[in-house]
Amino acid sequence: MMKKKISKNIPTMAKQTAMIIAAIAFAVGFLAGAGFMFFKTASPTSVVSNSVTANDPALRAKALEAEVRINPQNTDAWIRLGHVYFDTDKYDQAIKAYEKALIINPGNADVLTDLGIMHRRSGQFRKAIEKFDKAVTVDPKHQNARLNKGIVLMHDLNDRDGAIKAWEDLLEINPFAMVGENRSLDQLIKHYKESHDKNTSN
């Protein structure tokens, strides 16, 4: 697992999300669809200052829930609440929090990407693709959205060609994009193309 910084997106992504690329598990030469994690950079200014609360997800969630009840237009609080739910695998709650944040600020590509990841985790693959596409519309250079789109297309929707296209578009933005510690994205694409060629020739 690694923390590879290859984009300059707004630093509001969830704890497991951040600048793109992280660890992706390989088994028998194939990418495992669920074997990847993401890492965040800095988060919005915290509305939770107590150090004990900050270290306890349940307490942090309660504090943030109280904050958004008092200040429902506090975009950062909604995003942070979504992050807490994201990190504790509460997909439905995370989706609702991110959607609240996007009502206030619909042009946040990072939040759209996190929302797409939550849709993917909850089995809503088409919705995930919609959010990743919207993130790219907002920020055409958003690398995380393109990476995740490829993952969902490849592993959840069995769209190999679409996945490769999403990843090749990412390479046009960052030719040095890495997947895992020792594999570049272009190597991954080559792997899938060669695997496909072998299967079709047999």
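Bear in mind these aren't lab numbers, they're just calculated from the coordinates by the rules spelled out. Since this is a predicted model, take the numbers as computed values, not measurements. In this analysis, Cβ positions are derived from the backbone assuming ideal geometry, glycine residues included, and neighbour counts consider all displayed protein chains.
Measuring between their Cα centroids, segment 122-191 and segment 84-117 lie 19 Å from each other. Here the Debye sum runs over all C-alpha atoms of segment 85-153 as equal scatterers in vacuum, and log10 of I(q)/I(0) at q = 0.15, 0.28 Å⁻¹ comes out as -0.39, -1.26. Among the listed pairs Lys127/Lys193; Lys134/Lys193; Lys90/Lys127; Lys90/Lys193; Lys100/Lys127, a Cα-Cα separation exceeding 25 Å is found for Lys127/Lys193; Lys134/Lys193; Lys90/Lys193. Computed 3J(HN,Hα) for segment 184-191, one whole-Hz value per residue from the Karplus formula 6.51 cos²θ - 1.76 cosθ + 1.60 where θ = phi - 60°, is 7, 5, 5, 5, 5, 4, 4, 4, glycine and proline marked x. Note on His191 and Lys127: the extension gain reaches 20.3 nm, defined as 0.36 nm multiplied by sequence separation minus the Cα-Cα distance.
Kirkwood radius for segment 111-202, taken over all pairs of different Cα atoms as the inverse mean of 1/r, rounds to 13.4 Å.
For segment 58-68, 3J(HN,Hα) computed residue by residue from phi via the Karplus equation (6.51, -1.76, 1.60; θ = phi - 60°) reads 5, 5, 5, 4, 4, 5, 6, 4, 5, 4, 6 Hz, glycine and proline entered as x. With all pairs of separate Cα atoms included, segment 49-202 yields a Kirkwood hydrodynamic radius of 16.9 Å.
Protection proxy ranking, highest mean first, for peptides 141-149, 175-183: 141-149, 175-183, where packing is the per-residue count of other beta-carbon atoms within 10 Å, averaged. Database remark: amide H of Gly180 closer than 5 angstrom to the amide H of Ala22, Ile24 (H placed geometrically; neighbours at sequence offset of 5 or more, or on other chains; Pro and chain starts carry no H). Counting every other Cβ atom within 10 Å of each residue's Cβ, Asp156, Asp110, Asp139, Asp169 order from fewest to most as Asp169, Asp156, Asp139, Asp110.
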